[in-house]
1. How many of the residues making up segment B:214-225 are at pLDDT 95 or above and within 12 Å of DNA strand D (Cβ to nearest atom)?
2. Taking residue A:21, is it part of a loop (DSSP other than H, G, I, E, B), open to solvent by less than 20 Å² (accessible area, probe 1.4 Å) and within 14 Å of another protein chain (Cβ to nearest Cβ)?
3. If residue A:246 meets every condition in (1) within 14 Å of chain B (Cβ to nearest Cβ); (2) in contact (Cβ under 8 Å) with a residue 12 or more places away in the chain; (3) not in a helix (DSSP H, G or I) apart from one, which number is that one?
4. Which condition breaks for residue B:210 when tested against (1) within 25 Å of the chain's Cα centre (by Cα); (2) more than 13 Å from DNA strand D (Cβ to nearest atom); (3) more than 14 Å from every other protein chain (Cβ to nearest Cβ); (4) not polar (S, T, N, Q)?
5. When only residues in segment B:173-185 that are among the acidic types (Asp, Glu) and within 13 Å of DNA strand C (Cβ to nearest atom) count, which is least open to solvent (accessible area, probe 1.4 Å)?
6. Can you report the number of residues in segment B:59-74 which are closer than 26 Å to residue B:136 by Cα and touching a Pro at 6+ places or on another chain (Cβ under 8 Å)?
7. Just one of the numbered conditions (1) surrounded by fewer than 18 Cβ atoms within 10 Å (Cβ to Cβ); (2) near DNA strand C (Cβ under 9 Å from one of its atoms) is not true of residue B:226; which one?
8. Might you check whether a residue that is closer than 28 Å to residue B:19 by Cβ and without any contact (Cβ under 8 Å) to a residue 40 or more places away in the chain occurs anywhere in segment A:129-146?
2 protein chains.
Amino acid sequence: MTITSYTWYMPASHTAPERFPVTVDVVALTVRNSQLNVLLITRLIEPFKGKLALPGGFVLAGEDLLEAAGRELAEEAGVEHLPGHLEQLGSYGPKGRDPRGDVLTVAHLLLAPDFPVLSAGSDAEQAAWYPVREVLDGTYQLAFDHSRILADALERAKSKLEYSPLGAAFCGEEFTIAQLRAVYEAVWGTRLDPRNFHRKATGTPGFLEDTGRMTAGDAGRPAALFRLAPEARPTPGHPARAVLNPPLMRPRD
Amino acid sequence: MTITSYTWYMPASHTAPERFPVTVDVVALTVRNSQLNVLLITRLIEPFKGKLALPGGFVLAGEDLLEAAGRELAEEAGVEHLPGHLEQLGSYGPKGRDPRGDVLTVAHLLLAPDFPVLSAGSDAEQAAWYPVREVLDGTYQLAFDHSRILADALERAKSKLEYSPLGAAFCGEEFTIAQLRAVYEAVWGTRLDPRNFHRKATGTPGFLEDTGRMTAGDAGRPAALFRLAPEARPTPGHPARAVLNPPLMRPRD
DNA sequence: GAAGTTATCGTCATGTTGACAATAAAGGTT
DNA sequence: AACCTTTATTGTCAACATGACGATAACTTC
């Protein structure tokens, strides 16, 4: 259905409302060997040709935002089923983001276990994981306002870990306390005392559930395998409801 | 500037990107005689004629989102200068929100001291404060998906009070601890112990600053007047930076 | 002046944190 | 097999924060 007349919410000028191209961008974060990484694509065309950018693309007619974000991510990363937790981060623009005109973008945040990115053909935009640290310190330049979006995403991710059980979104189905701690350390950029973290993680009601199984083959004493407790698991409609209370304290910056 | 061709971010179909009407809506909250209130307008036309809705309107060309939200709010509430703290809440749509077609809306949240709403002429949409409680319990019906947006806004407001100094955004420049406590009680919908709240509010470094002045004329012992500490005041670019740590604990639901 | 009201300061038991000792259970080394 | 290294897990303890309330202080109202 196309809207041909607007008689409501009429701007003072009494003209038809402006229409904007709307894109979704995704800040996909994961932890690879104890480092926080972000998924970026290399732009093959102007503007910002050769620069790195967040994966994303236009919202299509009849699509919702999360839907569009999931679709774009799946397309550009070359995966079928989206792993991890996807949520909306915030909207940017439409003014002054793109040299070619006003574009509104709705940024999203994906917290996911490490997954392999498909190496597409050479004519497609190449997606790959990049250490967040190296993106922030200027080793790489991001296109558009994607640096700011990344910064906002990081701040969101950091605080998510404090109050929600979403740290586990970076892990697989089952994980050890040490693996979960590595997530917190990578996202927060700090070191945490293993003993205190263990106490807090296992002692918080409604957070973790012991599987009864253990790791084997690694160095050191085998570790117990945990999974998210049912109350902490995301359910359709109520993503990640349960809250860590009191929060897992992040050391003061 | 009008965009006539898109050669980047090209959807698979290789057609020009869809364009959407984009609106901003504002959930304006305030505390009036110990009750949380929300600013709503009465719709004068279809759809949802006669129903209540959040103030809002179309984003204009060359406008940014916060700008548009501030403008719409000022227009519909009939105020010149926006009081309080305005921030983006999140985006909704574009699918299935409006019976007439896809519209993307970016919801915003305003936390403000009680301010008088201009009673515009009878041909304009009438804006007024409504107790949030009565909106939630079904006494009033909201248009579009505005009930959901209001619910999300409330959740955001509640958690904002825990970790940020934004409770003070509901108060004027100077306020007493009891006034601040009334804000927390109204937003959280709980009663707080005055003595413990006083201890926490005045004992949190970087939150409040004693003005040295006192109230007079009210019932009971005069109260000291406080203002936000400089570290907790919003500055252009860094809105409400300082964080309450540890947070002001909200009683478990 | 007495009573009522609100603000503010204290007290105390309980719970949480941060620092760190000690033990457990594996693999690797000699 | 005895030892060493590594990592996991269980405790201990002081410092601090919270929640529940007692006790005053300083006004207004009657």
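1. 6
2. Considered against the rule, which asks whether it is part of a loop (DSSP other than H, G, I, E, B), open to solvent by less than 20 Å² (accessible area, probe 1.4 Å) and within 14 Å of another protein chain (Cβ to nearest Cβ), residue A:21 comes out as no.
3. Among (1) within 14 Å of chain B (Cβ to nearest Cβ); (2) in contact (Cβ under 8 Å) with a residue 12 or more places away in the chain; (3) not in a helix (DSSP H, G or I), residue A:246 violates only (2).
4. Result: residue B:210 passes all but (1).
5. Among residues in segment B:173-185 that are among the acidic types (Asp, Glu) and within 13 Å of DNA strand C (Cβ to nearest atom), the one least open to solvent (accessible area, probe 1.4 Å) is B:185.
6. Of the residues in segment B:59-74, 2 are closer than 26 Å to residue B:136 by Cα and touching a Pro at 6+ places or on another chain (Cβ under 8 Å).
7. (1)
8. no
The values are calculated or read from the model by the stated rules, or taken from the named source; none is laboratory data. The model shown is predicted, which means the values in this text are computed figures rather than measured ones. Here the Cβ is made from the backbone with ideal geometry for all residues, glycine too, and neighbour counts use every protein chain on show. Only protein heavy atoms, including side chains, enter the accessible area calculation; ligands, DNA and RNA are left aside. Shrake-Rupley method; radii C 1.70, N 1.55, O 1.52, S 1.80 Å.
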